[in-house]
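Undergrad: Attaching a single structure in structure tokens format; questions to follow.
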Amino acid sequence: MKRRDFLQISGGLSAHVIVGGSLLSIHKAEAQTGLPIAALQALLDPKNDMVLVPADKDFSEYNRSFNKRTQIGPRVRVVAGSAKAVSTTMLWAANNGLRFAVRSGGHSFEGFSQSPDLVIDVRGMTGIKLATDKKSVSIGSGSSLGSVYKALWPSNLAIPAGSCFPVGVAGHSLGGGFGLLGRSFGLACDSVLSMEVVDASGQIRNVSGQENPDLFWALRGGGNGSFAVVTNFNFRTSPVSMVARFKITWSKPIAQAAKIVQAWQQWLADLPPSITATLHLTKDQGGLIKVHMAGLSVQSESKLKVELKRLQRVAGPAQVSTTTQTFKAAATIFNGGPAADSLFMKGKSDYVIDPMTDQGILTLLNGLQNAPGEIFVLCDTYGGAINKIASDATAFVHRGNTRYSIQYYMEWTNPAASDANIAMMRTLYTSMRPHVSGGAYVNYCDLDLGDGYARAYWGDNLPRLMKVKAAVDPKNIFRHAQSVPLS
């Protein structure tokens with residue numbers, strides 16, 4: 001099921017031969033920018049690294065990002081094939097007074113993996129190697145989630161991460177990383193055992209619970225361009241062979257739909273950690289609200305059916321579908337579409353700690369119904385293994401009593417519709433302020449949060465994150481509009 005299809009009803013970048021930009025295009029770019037780009041190219045490995053400027057034929061392909069609304073092109077893009085190439089490029093940038101962004105999957109909602117000057121693109125590092133004992137896997141930071149899943153399928157293994165195959169493992173994991181194995185095995189960042197990074201001085205370092213532990217803590221939930229460039233991950237693997245996939249749907253008037261959402265909240269309180277699900281809310285025809293849930297259980301289909309019947313006893317009868325299949329088959333169905341997907345979009349997020357009141361649910365559903373366009377709301381179930389980890393054990397703070405996250409999402413094709421759609425989204429979001437916690441998910445980054453972004457993303461972990469930032473990046477080399485602040 002493509003992500004677009006999931007929003008309506010419920011490999012990553014293909015391999016490239018690494019070749020440098022043409023000498024002619026680089027000389028032209030040097031003349032236009034005054035930058036010694038040829039000197040940078042000479043410092044890099046022509047077999048593993050690539051320097052691209054706008055005149056190069058591969059530039060547009062590498063520049064494509066998920067959100068057209070924020071897309072810009074750099075003067076120089078370096079597709080780095082090693083940590084050494086990252087370090088070399090960073091030092092070249094410093095010597096030439098250039099700011100840079102770091103790109104992996106390119107799915108930053110607000111375009112923080114883009115820069116008008118220089119982009120260090122880690123998609124040259126895509127190696128995936130399973131350890132001999134199969135308990136861990138080494139993953140290059142340019143790998144997509146889909147490529148990781150595919151590499152682990154033959155061994156009936158997985159890492160707990162998101163459903164969209166084209167998303168980069170790096171940005172996803174550094175921000176936390178919710179996925180449909182989350183309640184069973186935790187967030188993606190919870191399975192990270194160690195990382196290879198290039199720090200603000202250009203040094204290549206290993207970070208883990210034993211080596212540079214403060215930086216290791218910060219990168220698991222507070223990463224995304226704030227501390228270092230991660231060039232390789234070592235993940236703990238989780239055994240996943242067969243899963244039970246399910247979907248359940250109601251289409252009801254607002255008052256009845258609100259009762260179903262309230263029943264769903266009650267159901268979550270006793271939900272076994274084997275089940276992870278996303279509740280999806282949209283307006284339907286005839287003034288109805290569609291309440292749709294889909295997800296996975298790592299236990300038997302029979303046990304799943306017991307839980308779905310328990311939900312229906314409170315929420316009412318519904319259209320239900322369950323099936324037992326391989327994780328490979330289930331993950332493919334939930335996949336978010338081809339890597340070439342690029343559209344105009346806006347996303348926002350909330351966290352729900354105390355069950356939402358009847359008034360809060362009605363505010364949400366009425367807002368969906370009254371919006372001139374179509375806003376999608378996806379509620380991801382937390383709890384289980386996610387919440388068993390202390391909120392200060394990693395930089396990812398939204399654990400403990402967190403019940404679920406809310407993602408508000410819109411997409412469109414006509415750029416002229418951007419202002420109206422964003423205003424529509426803001427209206428709904430503003431109406432929900434009295435009914436939610438004030439927290440937000442950094443992987444659904446949102447510039448509308450203004451100066452309050454850091455507290456919304458990291459809560460009580462912010463002071464320690466700022467302390468780590470001051471220690472490892474005192475000159476604020478790694479920064480963007482919503483990076484961890486120095487002060």
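Undergrad: Buried (at least 23 other Cβ atoms within 10 Å of the Cβ) and under 17 Å from the mean Cα position of the chain (by Cα): which single residue out of ILE139, ILE120 fits that description?
TA: Result of the check over ILE139, ILE120: ILE139.
Undergrad: What are the pairs with Cβ atoms under 7 angstrom where one residue, in the stretch 133-162, is in the same structural domain as ASN224 (by TED's automatic domain parsing) and among the aromatic types (Phe, Trp, Tyr) and the other, located anywhere, is surrounded by fewer than 22 Cβ atoms within 10 Å (Cβ to Cβ) and at pLDDT 95 or above? Sequence gap at least six, or different chains.
TA: TRP153/LYS328
For every residue, the table says whether it meets (1) touching a helix residue (DSSP H, G or I) at 6+ places or on another chain (Cβ under 7 Å); (2) outside any helix (DSSP H, G or I); (3) among the hydrophobic types (A, V, I, L, M, F, W, C); (4) under 20 Å from LEU281 (Cα atoms).
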residue	(1), (2), (3), (4)
ASP380	no, yes, no, yes
ILE386	yes, no, yes, no
ILE406	no, yes, yes, yes
ARG426	yes, no, no, yes
SER437	no, yes, no, yes
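Undergrad: Touching a Phe, Trp or Tyr at 6+ places or on another chain (Cβ under 9 Å) and either at pLDDT below 95 or over 30 Å from PHE344 (Cα atoms) (or both), is that true of VAL436?
TA: When the stated conditions are applied, VAL436 does not pass them.
Undergrad: What residue, of ASP380, ASP341, ASP358, is more than 20 Å from VAL261 (Cα to Cα) and not assigned by TED's automatic domain parsing to the domain that holds PHE165?
TA: The match here is ASP341.
Undergrad: Determine which member of the set PHE185, PHE165, PHE178 is out of contact with any helix residue (DSSP H, G or I) (no Cβ under 6 Å at 6 or more places or on another chain) and buried (at least 24 other Cβ atoms within 10 Å of the Cβ).
TA: PHE178
Undergrad: State whether one or more residues within the stretch 215-236 are crowded, with 21+ Cβ neighbours inside 10 Å, modelled with pLDDT of 95 or more and within 18 Å of TYR382 (Cα to Cα).
TA: yes
Undergrad: In this structure, is THR402 closer than 24 Å to VAL291 by Cα, surrounded by fewer than 20 Cβ atoms within 10 Å (Cβ to Cβ), β-branched (Val, Ile, Thr) and touching a Phe, Trp or Tyr at 6+ places or on another chain (Cβ under 7 Å)?
TA: yes
Undergrad: Quick one: is ARG183 at pLDDT 95 or above and closer than 21 Å to LYS328 by Cβ?
TA: Yes; evaluated as a whole, the condition is true for this residue.
Undergrad: If you scan the stretch 95-136, which residues turn out to be within 30 Å of LYS348 (Cβ to Cβ) and among the hydroxyl-bearing types (Ser, Thr, Tyr)?
TA: Hits for the stretch 95-136 are SER104, SER108, SER113, SER115.
Undergrad: Separate question: Mind checking which residues of the stretch 360-377 are assigned to a helix (DSSP H, G or I), of a type in the set (A, V, I, L, M, F, W, C) and touching a Leu at 6+ places or on another chain (Cβ under 9 Å)?
TA: Listed by number, the residues that qualify are LEU364, LEU365, LEU368.
Okay, residues lined up against (1) within 26 Å of TRP153 (Cβ to Cβ); (2) surrounded by fewer than 18 Cβ atoms within 10 Å (Cβ to Cβ); (3) of a type in the set (Ser, Thr, Tyr); (4) not assigned by TED's automatic domain parsing to the domain that holds PRO372:
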{"position": "VAL261", "(1), (2), (3), (4)": "no, no, no, no"}
{"position": "TRP264", "(1), (2), (3), (4)": "no, no, no, no"}
{"position": "SER274", "(1), (2), (3), (4)": "yes, no, yes, no"}
{"position": "LEU279", "(1), (2), (3), (4)": "no, no, no, no"}
{"position": "THR282", "(1), (2), (3), (4)": "no, no, yes, no"}
{"position": "MET293", "(1), (2), (3), (4)": "yes, no, no, no"}
{"position": "LEU304", "(1), (2), (3), (4)": "yes, no, no, no"}
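Undergrad: For the stretch 443-456, does any single residue satisfy the condition of being in a helix (DSSP H, G or I), within 30 Å of GLN266 (Cβ to Cβ) and polar (S, T, N, Q)?
TA: yes
Here's the yes/no breakdown for (1) assigned to a helix (DSSP H, G or I); (2) at pLDDT 95 or above; (3) among the aliphatic types (A, V, I, L, M):
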site	(1), (2), (3)
ALA294	no, yes, yes
SER302	yes, yes, no
ARG310	yes, yes, no
LYS328	yes, yes, no
ALA331	yes, yes, yes
ASP341	no, no, no
LYS348	no, yes, no
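Undergrad: When the stretch 219-230 is examined, which residues are found to be outside any loop (DSSP other than H, G, I, E, B), touching a strand residue (DSSP E or B) at 6+ places or on another chain (Cβ under 9 Å) and under 18 Å from GLY186 (Cα atoms)?
TA: Once the filter is applied, which keeps residues that are outside any loop (DSSP other than H, G, I, E, B), touching a strand residue (DSSP E or B) at 6+ places or on another chain (Cβ under 9 Å) and under 18 Å from GLY186 (Cα atoms), the stretch 219-230 yields LEU219, ARG220.
Undergrad: Select, from SER60, SER82, SER87, SER65, the only residue that is in the same structural domain as GLN114 (by TED's automatic domain parsing), surrounded by 17 or more Cβ atoms within 10 Å (Cβ to Cβ) and under 30 Å from ASP419 (Cβ atoms).
TA: SER65
The values are calculated or read from the model by the stated rules, or taken from the named source; none is laboratory data. As the structure is a prediction and not an experimental result, all values here were calculated from the model. Neighbour counts are summed over all protein chains in view; Cβ atoms, including those assigned to glycine, are modelled from backbone coordinates with ideal geometry.
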